[in-house]
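*Asks:* Can you read through this structure? Questions will come right after.
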Amino acid sequence: MFAFNFNNTIMHIFYGKAALIDFLESIKTTHSTIGFVPTMGALHQGHLALMQKSLLENENTVVSIFVNPTQFNNPEDLAKYPRTLEEDVKKLTALSPKIILYAPTVEDIYDGQPVSHSFDFDGLENQMEGKFRPGHFNGVGTIVKRLFEIVEPTNAYFGEKDFQQLQIVKKMVAKNNLNVNVVGCPIYRESNNLAMSSRNERLSIQERHEAAIIFQTLNIANEKFKKNSATSVSEWVQKSFEKNPIFTLEYFVIADEATLLPCVRKNKNKKYRAFIAVLVNNIRLIDTISLI
């Protein structure tokens, strides 16, 4: 354990799971709750909003910072993923010295064996991100389950930008009978409505400015879906990006929120959501909105 002193406040930082488990056991009471926010660092306001919600709703809040190798199918993406632990610690301490930080090594999490387990997510893993990132959700399931076993949270907070991931975590919790309440939280956006992401830090100033097109496209798609089929809306999105010199559309899908299966024919009893992934300079950006 390491106690970080910043502006005369103390935040507990743990680099090993054994010390963290012992500490959490020592502060546990009969009715105390633990909120948990798992992250890969490079913290932004979206992450901090999850933590603020946890701080409000729980006696104790644990934040993890761990760039999980098993969920990256692209070695370059893993190598270039921003790692800013010192700056992250300052942000956490400024937010609340009561936060408990777990910043483990790969060896501590995986005991020297950084491999994924195989999960059955009832097909949720085969859509969208799963099609373009083979093995990604097995890596997500592996690390989230492992972190839940270590922290034993009452409530765990995830942003809705990764809506497919949110649904998969909920499915993993249900299938493994884990006693964790998974809480989905609204997307935080930059001034141009680009969904906040650690990957945004890799964008140039121009790319970040131009990325406003992603949310603009989702909003127009929402309006078009009110009077048109999912197929025609998808075709419009595809043609729009074919004209764009900066961004390449990886996918655009209108899907059932519950099953994540693509919408073939609209059903008034179902809730639909639009999902998009684009590439700019080999940087993947994703976003999603609920369709009204």
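The values are calculated or read from the model by the stated rules, or taken from the named source; none is laboratory data. In this text the structure is predicted, and so the values were computed from the model without any measurement. Heads up, the Cβs are rebuilt from the backbone with ideal geometry, glycines too, and the neighbour counts pull from every protein chain shown. For the accessible areas, the whole protein counts, side chains as well, though only heavy atoms, and no ligand, DNA or RNA atoms are used. Shrake-Rupley method; radii C 1.70, N 1.55, O 1.52, S 1.80 Å.
*Asks:* Which condition number in (1) free of Cβ contacts under 8 Å to residues at least 40 places away in the same chain; (2) of a type outside the set (A, V, I, L, M); (3) part of a strand (DSSP E or B); (4) out of contact with any Phe, Trp or Tyr (no Cβ under 8 Å at 6 or more places or on another chain) is the one that Gly184 fails?
*Replies:* Against the list (1) free of Cβ contacts under 8 Å to residues at least 40 places away in the same chain; (2) of a type outside the set (A, V, I, L, M); (3) part of a strand (DSSP E or B); (4) out of contact with any Phe, Trp or Tyr (no Cβ under 8 Å at 6 or more places or on another chain), Gly184 comes up short only on (4).
*Asks:* Condition check: of a type in the set (D, E, K, R) and free of Cβ contacts under 8 Å to residues at least 24 places away in the same chain. Does Lys270 satisfy that?
*Replies:* yes
*Asks:* Take Thr105 and decide whether it is among the hydroxyl-bearing types (Ser, Thr, Tyr) and touching a Phe, Trp or Tyr at 6+ places or on another chain (Cβ under 9 Å).
*Replies:* Values: among the hydroxyl-bearing types (Ser, Thr, Tyr): yes; touching a Phe, Trp or Tyr at 6+ places or on another chain (Cβ under 9 Å): yes.
Yes: the conditions hold for Thr105.
*Asks:* May I pose another question? Return yes or no: is Val253 closer than 24 Å to Asp122 by Cβ and open to solvent by 80 Å² or more (accessible area, probe 1.4 Å)?
*Replies:* Values: closer than 24 Å to Asp122 by Cβ: yes; open to solvent by 80 Å² or more (accessible area, probe 1.4 Å): no.
No; evaluated as a whole, the condition is false for this residue.
*Asks:* How about the range 18-30: which of its residues are modelled with pLDDT of 95 or more and either open to solvent by less than 30 Å² (accessible area, probe 1.4 Å) or among the hydrophobic types (A, V, I, L, M, F, W, C) (or both)?
*Replies:* The answer is Ala18, Ala19, Leu20, Ile21, Phe23, Leu24.
*Asks:* In the range 48-86, how many are open to solvent by 30 Å² or more (accessible area, probe 1.4 Å), under 27 Å from Leu279 (Cα atoms) and assigned to a helix (DSSP H, G or I)?
*Replies:* Here the count works out to 7.
*Asks:* Can you spot a residue in the range 125-141 that is within 19 Å of Met40 (Cα to Cα) and among the acidic types (Asp, Glu)? So that I can check it myself, show each step before the final result.
*Replies:* Let us first name the residues in the range 125-141 that are within 19 Å of Met40 (Cα to Cα), namely 129, 133, 135-141.
Subsequent filtering for residues that are among the acidic types (Asp, Glu) retains 129.
Scanning the range 125-141 turns up at least one residue that is within 19 Å of Met40 (Cα to Cα) and among the acidic types (Asp, Glu).
*Asks:* Would a scan of the range 31-40 turn up a residue that is outside any loop (DSSP other than H, G, I, E, B), modelled with pLDDT of 95 or more and open to solvent by 20 Å² or more (accessible area, probe 1.4 Å)?
*Replies:* yes
*Asks:* Can you confirm whether the range 3-11 contains a residue that is touching a residue at least 40 places away in the same chain (Cβ under 8 Å), open to solvent by 30 Å² or more (accessible area, probe 1.4 Å) and closer than 24 Å to Val180 by Cα?
*Replies:* no
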